[in-house]
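A.B. asks: This is the structure, below, for whatever I ask next.
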Amino acid sequence: MPEHIKCLIIGSGPAGYTAGIYTSRANLNPVLIEGMQPGGQLTITHEVENFPGYPRGESGPGIMSDLRQQAIHCGTDIRAGMVTHIDFKQRPFRCIVDDNHEFVADTVIVATGATARWLGLESEEKYRGFGVSVCATCDGHFFKGKDVAVIGGGDTALEEARYLANLCRKVYLVHRRDAFRASPAVQKNIFNTPNIEIVWNHVPKEILGTQQGFLKSVTGLLLSNTLDGSEQAIAIDGVFVAIGTIPVTDLFRGVLELTPEGYIKTQPAPFTNIRGVFAAGDVQDLRYRQAITAAASGCMAGIEAARFLNENG
Ligand code: NDP
């Protein structure tokens with residue numbers, strides 16, 4: 001028997017949990033499906049200084065744990081699992097979780113967020129989990145006292161580099177241009193950290209390593225100069241890829257209208273092209289992509305879901 005509910009929230013980042021808080025308080029008794037990475041991207045973020053309410057900053061997992069508890073406290077029914085099928089052709093909307101549990105929902109809030117972007121090199125795939133990572137907080141301790149490279153020039157790359165500089169002997173920060181995209185506040189500490197070496201105008205061409213049976217390890221990085229095409233290799237033990245994110249929208253392709261970049265099109269946020277289906281957070285936001293803007297759009301989606309049910313029954 002399908003489970004009929006007023007509001008299904010898909011995703012558990014700041015947007016999903018905040019939507020949970022608002023729809024719970026509006027008596028929608030929401031069910032929130034957590035997905036593969038409960039807590040979302042912030043759970044792999046070392047320190048967050050710009051989420052309001054934490055005067056001394058807080059770890060990403062700490063903030064997400066607080067938000068989750070707040071959503072539960074307000075009445076959100078949080079369930080583990082992945083939404084595997086959707087049918088938004090008519091209302092109520094059908095969503096199947098883990099291929100076996102069917103929800104019939106009067107409204108749906110999509111807050112599936114975004115996931116790490118990879119370089120797309122064959123060698124990156126080969127050494128993933130054996131020296132290639134997208135999360136310094138998760139994997140940095142494997143490289144204590146060693147040399148590593150961080151790829152990227154945004155806030156994430158610089159924060160990863162700063163975090164790793166405390167653990168590693170040396171951190172190469174490899175960026176494809178000669179100026180960082182990261183905010184000035186985050187850039188401030190990078191230039192005067194003695195064990196961070198910035199490698200401007202270079203991109204990884206190949207990740208070098210060795211393999212003995214199943215055991216693989218990274219030994220270096222072949223870099224290509226973006227200005228003149230020349231190549232140079234650096235000796236390192238680990239590579240942290242921090243070149244941005246891609247929205248998690250595979251499930252909605254062909255169902256919800258997407259932007260050319262693959263984000264859910266909201267005009268204005270949080271409305272999608274299907275009435276009763278709302279989108280919040282990074283899955284629909286190419287521009288800001290902050291935890292606080294995700295939380296705010298989760299709030300908007302929650303309010304609109306409640307308003308929609310009031311108006312449409
Ligand atoms: P961004 O998209 O901001 O930055 C990605 C970086 O990777 C850019 O410097 C880009 O270069 C580079 N890049 C992209 N593709 C490639 C490629 N194929 N090869 C080499 N380099 C590449 O992503 P972030 O994850 O850093 O940040 C995402 C959002 O999250 C941002 O809005 C950011 O402000 C926010 N954020 C905020 C934090 C904070 O405030 N504490 C912490 C972390 C993230 P180029 O610059 O040339 O485009």
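A.B. asks: Where the second residue is assigned to a loop (DSSP other than H, G, I, E, B) and the first is among the basic types (Lys, Arg) and lies in segment 172-200, which pairs have Cβ atoms under 6 Å and are six or more apart or on separate chains?
C.D. replies: 176/226; 181/153; 181/154
A.B. asks: While we're here: Given 281, 209, which one is more than 30 Å from residue 195 (Cβ to Cβ) and either within 16 Å of the ligand (Cβ to nearest atom) or outside the structural domain of residue 89 (by TED's automatic domain parsing) (or both)? If you could, list the steps in order and put the result at the bottom.
C.D. replies: On the way: 209 fails: more than 30 Å from residue 195 (Cβ to Cβ).
281 is the lone residue from the list that is more than 30 Å from residue 195 (Cβ to Cβ) and either within 16 Å of the ligand (Cβ to nearest atom) or outside the structural domain of residue 89 (by TED's automatic domain parsing) (or both).
A.B. asks: Please work out which one of (1) touching a residue at least 24 places away in the same chain (Cβ under 8 Å); (2) over 30 Å from residue 197 (Cα atoms); (3) over 22 Å from the mean Cα position of the chain (by Cα) is the condition residue 110 fails and give its number.
C.D. replies: Failed condition: (3).
A.B. asks: Scan segment 201-225 for residues that are within 18 Å of residue 124 (Cβ to Cβ), out of contact with any Leu (no Cβ under 6 Å at 6 or more places or on another chain) and of a type in the set (S, T, N, Q) and jot them down.
C.D. replies: Those that are within 18 Å of residue 124 (Cβ to Cβ), out of contact with any Leu (no Cβ under 6 Å at 6 or more places or on another chain) and of a type in the set (S, T, N, Q): 210, 211, 217, 224.
A.B. asks: Moving on. Hand me the list of helices (runs of 4 or more DSSP H) wholly inside segment 85-187 holding 1 or more residues that are within 18 Å of residue 44 (Cβ to Cβ), within 16 Å of the ligand (Cβ to nearest atom) and touching a helix residue (DSSP H, G or I) at 6+ places or on another chain (Cβ under 9 Å). Reasoning before the result, please.
C.D. replies: Working: elements: 122-127, 136-139, 155-165, 184-187.
Passing ranges, in order: 136-139, 155-165, 184-187.
A.B. asks: Moving to a separate point now. Would you check if residue 219 is at pLDDT 95 or above, surrounded by 14 or more Cβ atoms within 10 Å (Cβ to Cβ), away from the ligand (no atom under 16 Å from the Cβ) and over 24 Å from residue 173 (Cβ atoms)?
C.D. replies: On the way: at pLDDT 95 or above: yes; surrounded by 14 or more Cβ atoms within 10 Å (Cβ to Cβ): yes; away from the ligand (no atom under 16 Å from the Cβ): yes; over 24 Å from residue 173 (Cβ atoms): no.
Answer is no for this residue.
A.B. asks: Now, a different point. Looking only at segment 267-302, which residues are under 19 Å from the mean Cα position of the chain (by Cα) and hydroxyl-bearing (Ser, Thr, Tyr)?
C.D. replies: 288, 293, 297
A.B. asks: Checking residue 298 against (1) in contact with a strand residue (DSSP E or B) (Cβ under 9 Å, 6 or more places away or on another chain); (2) within 12 Å of the ligand (Cβ to nearest atom), only one condition comes out false. Which one?
C.D. replies: Against the list (1) in contact with a strand residue (DSSP E or B) (Cβ under 9 Å, 6 or more places away or on another chain); (2) within 12 Å of the ligand (Cβ to nearest atom), residue 298 comes up short only on (2).
A.B. asks: Output the residues belonging to segment 97-116 that are at negative phi, surrounded by fewer than 17 Cβ atoms within 10 Å (Cβ to Cβ) and modelled with pLDDT of 95 or more.
C.D. replies: Looking only at segment 97-116, we keep the residues that are at negative phi, and these are 97, 100-112, 114-116.
Keeping just the survivors that are surrounded by fewer than 17 Cβ atoms within 10 Å (Cβ to Cβ) gives 100-102, 104, 115-116.
Answer for segment 97-116, where residues must be at negative phi, surrounded by fewer than 17 Cβ atoms within 10 Å (Cβ to Cβ) and modelled with pLDDT of 95 or more: 100, 101, 102, 104.
A.B. asks: What number of residues within segment 216-269 satisfy the criterion of being part of a loop (DSSP other than H, G, I, E, B) and without any contact (Cβ under 8 Å) to a residue 24 or more places away in the chain? Please lay out each step first, then the result.
C.D. replies: Initial filter on segment 216-269 (part of a loop (DSSP other than H, G, I, E, B)): 226-230, 236-237, 242-244, 248-249, 254-255, 257, 259-263, 265-269.
With the extra rule that they be without any contact (Cβ under 8 Å) to a residue 24 or more places away in the chain, the set shrinks to 228-230, 254, 257, 260, 262-263, 265-268.
Total satisfying the criteria: 12.
A.B. asks: In this structure, does residue 249 turn out to be within 12 Å of residue 115 (Cα to Cα), polar (S, T, N, Q) and either near the ligand (Cβ under 10 Å from one of its atoms) or modelled with pLDDT under 95 (or both)?
C.D. replies: No; evaluated as a whole, the condition is false for this residue.
A.B. asks: Inspect segment 291-307 for any residue being outside any helix (DSSP H, G or I), among the basic types (Lys, Arg) and assigned by TED's automatic domain parsing to the domain that holds residue 62 and give the result as yes or no. Step through it out loud before you land on a result.
C.D. replies: Filtering segment 291-307 for residues outside any helix (DSSP H, G or I) gives none.
For segment 291-307, residues outside any helix (DSSP H, G or I), among the basic types (Lys, Arg) and assigned by TED's automatic domain parsing to the domain that holds residue 62: absent.
A.B. asks: I want to confirm something. Restricting to segment 53-84 and keeping residues that are touching a helix residue (DSSP H, G or I) at 6+ places or on another chain (Cβ under 6 Å) and assigned to a loop (DSSP other than H, G, I, E, B), which single residue is surrounded by the fewest Cβ atoms within 10 Å (Cβ to Cβ)?
C.D. replies: Ranking the candidates gives 75 first.
A.B. asks: Name the single residue, out of those in segment 196-206 being within 13 Å of the ligand (Cβ to nearest atom) and over 15 Å from residue 158 (Cβ atoms), that is surrounded by the most Cβ atoms within 10 Å (Cβ to Cβ).
C.D. replies: Residues of segment 196-206 within 13 Å of the ligand (Cβ to nearest atom): 198-205.
Pick out the ones that are also over 15 Å from residue 158 (Cβ atoms) and you get 201-205.
Details: 201: 15, 202: 24, 203: 17, 204: 20, 205: 17.
Across segment 196-206, the extreme among qualifying residues is 202.
A.B. asks: I would also like to ask the following. Only one of 169, 128 is modelled with pLDDT under 95 and over 22 Å from residue 57 (Cβ atoms); which?
C.D. replies: 128
A.B. asks: So residue 193 passes all but one of these: (1) within 16 Å of the ligand (Cβ to nearest atom); (2) polar (S, T, N, Q); (3) in a loop (DSSP other than H, G, I, E, B). Which condition number does it fail?
C.D. replies: (1)
The values are calculated or read from the model by the stated rules, or taken from the named source; none is laboratory data. Just so we're clear, the structure is a prediction, and the values are computed from it rather than from any experiment. Methodologically, a virtual Cβ is constructed for each residue, glycine included, from the backbone with ideal geometry; neighbour enumeration extends over all protein chains shown.
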